[in-house]
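Below: the structure, in structure tokens.
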Amino acid sequence: MTGIENAQHDLSDATFSIETAIELLSCIDHDDPQPVEELNRVISTLQEIKAELTQSFDKLRVVQEHFNI
């Protein structure tokens with residue numbers, strides 16, 4: 001595997017882990033609105049990170065195609 005392929009693999013693993021965390025946190029039910037608001041912020045942050053990881057993965061694919069690796 002090339003360095004780019006290794007990086008793509010790591011980004012894919014990280015994305016999967018964050019997706020799992022988002023799913024698990026989304027299933028938590030709380031009666032107290034304050035923790036739910038904090039939880040929603042955490043989930044939102046994780047979703048943003050996941051989107052950035054996906055963009056990075058796609059950019060690496062473009063770089064890989066450019067160099068025909």
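The values are calculated or read from the model by the stated rules, or taken from the named source; none is laboratory data. Remember, predicted model here, so these are calculated numbers, not experimental data. A quick note on method: Cβ atoms are made from the backbone with ideal geometry, for glycine too, and the neighbour counts reach across all protein chains shown.
Points to keep in mind about this one:
- Residue in segment 10-28 that is farthest from Ser56 (Cα to Cα), counting only those that are exposed (fewer than 12 other Cβ atoms within 10 Å of the Cβ) and among the acidic types (Asp, Glu): Glu23
- Qualifying positions in segment 10-28 - small (Gly, Ala, Ser) and in contact (Cβ under 8 Å) with a residue 12 or more places away in the chain: Ser12, Ala14, Ala21, Ser26
Table: residues versus (1) at pLDDT below 95; (2) outside any helix (DSSP H, G or I).
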{"residue": "Ser12", "(1), (2)": "no, no"}
{"residue": "Thr15", "(1), (2)": "no, no"}
{"residue": "Glu19", "(1), (2)": "no, no"}
{"residue": "Leu25", "(1), (2)": "yes, no"}
{"residue": "Ile28", "(1), (2)": "yes, yes"}
{"residue": "Pro35", "(1), (2)": "yes, no"}
{"residue": "Ile49", "(1), (2)": "no, no"}
{"residue": "Gln55", "(1), (2)": "no, no"}
{"residue": "Glu65", "(1), (2)": "yes, no"}
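- Considering residues of segment 42-58 that are touching a Ser or Thr at 6+ places or on another chain (Cβ under 7 Å) and among the β-branched types (Val, Ile, Thr) only, the residue surrounded by the most Cβ atoms within 10 Å (Cβ to Cβ): Ile43
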